[in-house]
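First the structure, in the form of structure tokens, and then the observations on it.
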Amino acid sequence: MKLITRLPGILCALLLLTGAFPSGSEAAQSKDGQKRQAIIFLNTQQGKEHRLAREINRQLYYSRTLSRQLEVTLIDIAPDGPALSGAARYLRDTSGIWVAKYRPLSLPALFCQQGKSRRFYHLTTAEDIRKCL
């Protein structure tokens, strides 16, 4: 009987907690409501770039704050490169659609996008994704 009388209070507390801690997609939005994105072009057949992709995934996995604030997409231009999985979204651009859309000047390339605003950086370390914050 005591549980039934406490149930409304428990439900109210749960609703307050869900509002206080937004989900990852809501937290990846800036103050004006647009998502922060890091779009990374790389060639995983190059050992250095493959290690860079693994390090980015590792940082996203171990940093809950970073993964909530930034939506990361890794775009691999290597048709036969090793498959990646992890905290970042991974796409293989075998037909060149993404390369044609973004036109990276060099690899590895980092595009920081928020709404219609887009900035280009040459990616040298995994920590460079923080430039998009």
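With respect to GLY86, is the statement that it is within 12 Å of ALA53 (Cβ to Cβ) and surrounded by fewer than 17 Cβ atoms within 10 Å (Cβ to Cβ) true? Yes; evaluated as a whole, the condition is true for this residue.
Answer yes or no as to whether LEU110 is surrounded by 14 or more Cβ atoms within 10 Å (Cβ to Cβ), in contact (Cβ under 8 Å) with a residue 12 or more places away in the chain, at negative phi and assigned to a strand (DSSP E or B). It is true that LEU110 is surrounded by 14 or more Cβ atoms within 10 Å (Cβ to Cβ), in contact (Cβ under 8 Å) with a residue 12 or more places away in the chain, at negative phi and assigned to a strand (DSSP E or B).
When the stretch 113-133 is filtered for residues that are free of Cβ contacts under 8 Å to residues at least 40 places away in the same chain, in a strand (DSSP E or B) and not charged (D, E, K, R), the ones remaining, listed by number, are SER117, PHE120, TYR121, HIS122.
Only residues that are in contact with a strand residue (DSSP E or B) (Cβ under 8 Å, 6 or more places away or on another chain) and either outside any strand (DSSP E or B) or closer than 15 Å to ASP128 by Cβ (or both) were counted in the stretch 58-72, giving 4.
Only the coordinates and a few stated rules stand behind these numbers; no lab work does. Remember, predicted model here, so these are calculated numbers, not experimental data. Using ideal geometry, Cβ is built from the backbone for each residue, glycine included, and neighbour counts are taken over all protein chains shown.
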